[in-house]
Amino acid sequence: MYDVIIIGSGPAGLSAAVYAKRAGLNLLVLEKSPMSGGQILNTYEVDNYLGLPGINGFDMGMKFREHADKLEVPFKEAEVLEIKDEGNKKIVRTAKEELETKSVILATGAHHALLGVPGEEELSGMGVSYCATCDGAFFRKKIVAVVGGGDVALEDAIYLARTSAKVYLIHRRDELRGAKVLQEELLSKENVEVLYSHVVKEIVGEDVVEKLILEDVKTGEKKEVPVNGVFIAVGIHPDSELVAGLADRDVAGYVLADETCVSSCPGIFVAGDVRKKPIRQVVTAVSDGANAATSAGAYVARI
């Protein structure tokens, strides 16, 4: 019987593992991928994590894992298929076994909706980004595009307009879907151009993004738009299916929990991008991990 099983070993899961281990909890980290680190492994550079400016995302992930390894945190590569709630005991089922634990920390993260166009995967981290607040500083005084028409896309475009020379907002419909106040602010920016009724057909570049191939959905006409970077904001999906029916989630699937990371299901805690919160960054994921492990430790001591 484990005190806590941590599912996922991105920044949130690894932070939770370090705090749980230091608290003397009997723990296990389950990770379905061959390598820890989560989404940051695919990030070319992280420039906003305190004390580590400009660190490569892969190197950051490795440093986080090394910290956990130094403390002899036990890891197992396995995909979790189900979590069963049996009161003071949880059953975590993988393809090969069922594990018993007093508590679970869900740190499974989220994944960005993709455009699914040529060049997107190849140039990810090399001008293709899914986080304006993470990567916007790299495009100061450069030309960028934002794809999407909802609140996140509008917020990203407004954010980028503060420092970028030019921002294109590309939306497939003939009107934006975001809040009116955001639309008004966006359209007041002189360096923002909205390309309505357009979709991205291809992202082009050798080693970095150089241009976009766009198509007018009404006429079928194609055109090239030179850009240095493209920020894709067409949705994000939390990987929270394991607690569906166990813990409360919002309509988008994010698990509801405050800064203590305590979910509505006793003994299940949530950390990182899978939790409903306003900012999803490495620093907030690490903070969640610390809070979740602390809350889990207090729970285990009570039962």
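Below is a table of values for the structure above.
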quantity: Checking ALA113 against (1) within 24 Å of GLY253 (Cα to Cα); (2) in contact with a strand residue (DSSP E or B) (Cβ under 9 Å, 6 or more places away or on another chain); (3) crowded, with 16+ Cβ neighbours inside 10 Å; (4) modelled with pLDDT under 95, the condition it does not meet; calculated: (3)
quantity: Single match in LEU106, LEU123 (criterion: surrounded by 14 or more Cβ atoms within 10 Å (Cβ to Cβ), within 16 Å of the chain's Cα centre (by Cα) and of a type in the set (A, V, I, L, M)); calculated: LEU106
quantity: Region 91-117: number of residues that are farther than 25 Å from PRO11 by Cβ and in a strand (DSSP E or B); calculated: 4
quantity: Answer from GLU155, GLU185 - the residue that is under 22 Å from LEU115 (Cα atoms), outside any loop (DSSP other than H, G, I, E, B) and in contact (Cβ under 8 Å) with a residue 24 or more places away in the chain; calculated: GLU155
quantity: Set ILE40, ILE83: member being outside any loop (DSSP other than H, G, I, E, B), crowded, with 17+ Cβ neighbours inside 10 Å and over 21 Å from the mean Cα position of the chain (by Cα); calculated: ILE83
quantity: Filter result (among the charged types (D, E, K, R) and either under 16 Å from ALA153 (Cβ atoms) or touching a residue at least 12 places away in the same chain (Cβ under 8 Å) (or both)) within region 103-121; calculated: GLU120
quantity: From the options THR260, THR219, residue that is within 26 Å of the chain's Cα centre (by Cα) and of a type outside the set (Gly, Ala, Ser); calculated: THR260
quantity: Residues that are assigned to a strand (DSSP E or B) and β-branched (Val, Ile, Thr), drawn from region 158-182; calculated: VAL167, ILE170
quantity: Answer from LEU214, LEU186, LEU246 - the residue that is within 24 Å of PRO278 (Cα to Cα), crowded, with 17+ Cβ neighbours inside 10 Å and not assigned by TED's automatic domain parsing to the domain that holds ILE105; calculated: LEU186
quantity: Qualifying residue in region 13-24 (condition: part of a loop (DSSP other than H, G, I, E, B) and in the same structural domain as ALA285 (by TED's automatic domain parsing)); calculated: yes
quantity: Unmet requirement for LEU50, which otherwise passes all of (1) under 16 Å from the mean Cα position of the chain (by Cα); (2) of a type in the set (A, V, I, L, M); (3) over 13 Å from PRO74 (Cα atoms); calculated: (1)
quantity: Matching residues, region 158-178, being within 19 Å of LEU214 (Cβ to Cβ) and among the polar types (S, T, N, Q); calculated: SER164
quantity: Options GLY119, GLY136, GLY127, GLY149; residue that is in contact with a helix residue (DSSP H, G or I) (Cβ under 6 Å, 6 or more places away or on another chain) and of a type outside the set (Ser, Thr, Tyr); calculated: GLY136
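One line per residue, one yes/no per condition, for (1) at pLDDT below 95; (2) in contact with a Cys (Cβ under 6 Å, 6 or more places away or on another chain); (3) under 22 Å from CYS261 (Cα atoms); (4) surrounded by 16 or more Cβ atoms within 10 Å (Cβ to Cβ):
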position: ILE6; (1), (2), (3), (4): no, no, yes, yes
position: GLY10; (1), (2), (3), (4): no, no, yes, yes
position: VAL18; (1), (2), (3), (4): no, no, yes, yes
position: ASN26; (1), (2), (3), (4): no, no, yes, no
position: GLU66; (1), (2), (3), (4): no, no, no, no
position: ARG93; (1), (2), (3), (4): no, no, no, no
position: LEU99; (1), (2), (3), (4): no, no, no, yes
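The values are calculated or read from the model by the stated rules, or taken from the named source; none is laboratory data. Owing to the predicted nature of the structure, the values given are computational and were not obtained by experimental measurement. Quick reminder, even Gly has a Cβ in these numbers, built from the backbone with ideal geometry, and neighbours come from all protein chains shown.
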